[in-house]
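One structure is given below, encoded as structure tokens.
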Amino acid sequence: MNETLFAMLSAYGPMVAMVIAFYFFLYRPQRTEQRRRDDMLATLHKGNKVVTVGGIFGEIVEIKNNVIDLKIADKVVVKVTRSAVSRNITQGKSPQMEPEKDWPAEEPAKDKDE
């Protein structure tokens, strides 16, 4: 009986170990990241400064269902889907607060003499 148990463990042991490794190294971290992203998308509101998947920085003007009106410049508002938002720069802060340091600052005007 011990020989059959040993034979079974030697045959199925590596497969079980691979399934366990797959769960802890791939599936579980991906699920945690997806949950964090879903929470971020659910908490978006007017006034948040965000970055889209395409790298466009903007401020949320209006949210209707899954469509977001994103102000990317003066008098320029584009419509994007909620899932197109990659990162909420002002997450956890009120819309009236100053944006974080990584919000793109306007370049200072250069002097004509230079």
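The values are calculated or read from the model by the stated rules, or taken from the named source; none is laboratory data. All of these numbers come straight from a predicted model, not from anything done at the bench. When we count neighbours, we look across all protein chains shown, and the Cβ atoms used for this are built from the backbone with ideal geometry, even at glycine.
Things to note:
- Any chance Leu26 is surrounded by 10 or more Cβ atoms within 10 Å (Cβ to Cβ) and in contact with a helix residue (DSSP H, G or I) (Cβ under 9 Å, 6 or more places away or on another chain): no
- Pairs where the first residue, in the stretch 23-35, is over 17 Å from Arg87 (Cβ atoms) and the second is not in a helix (DSSP H, G or I), C-beta under 6 Å, 6+ apart: none
- Residue count for the stretch 45-70, restricted to those that are crowded, with 17+ Cβ neighbours inside 10 Å and either free of Cβ contacts under 8 Å to residues at least 24 places away in the same chain or in a loop (DSSP other than H, G, I, E, B) (or both): 5
- Top-ranked residue in the stretch 67-104 [being at pLDDT 65 or above and of a type in the set (D, E, K, R); ranked as nearest to the chain's Cα centre (by Cα)]: Arg87
- Failed item, numbered, when Pro29 is tested on (1) at pLDDT below 95; (2) touching a Lys or Arg at 6+ places or on another chain (Cβ under 6 Å): (2)
- Those residues of the stretch 71-89 which are in a strand (DSSP E or B) and either under 22 Å from Arg36 (Cα atoms) or aromatic (Phe, Trp, Tyr) (or both), in sequence order: Val80, Thr81, Val85, Ser86, Arg87, Asn88
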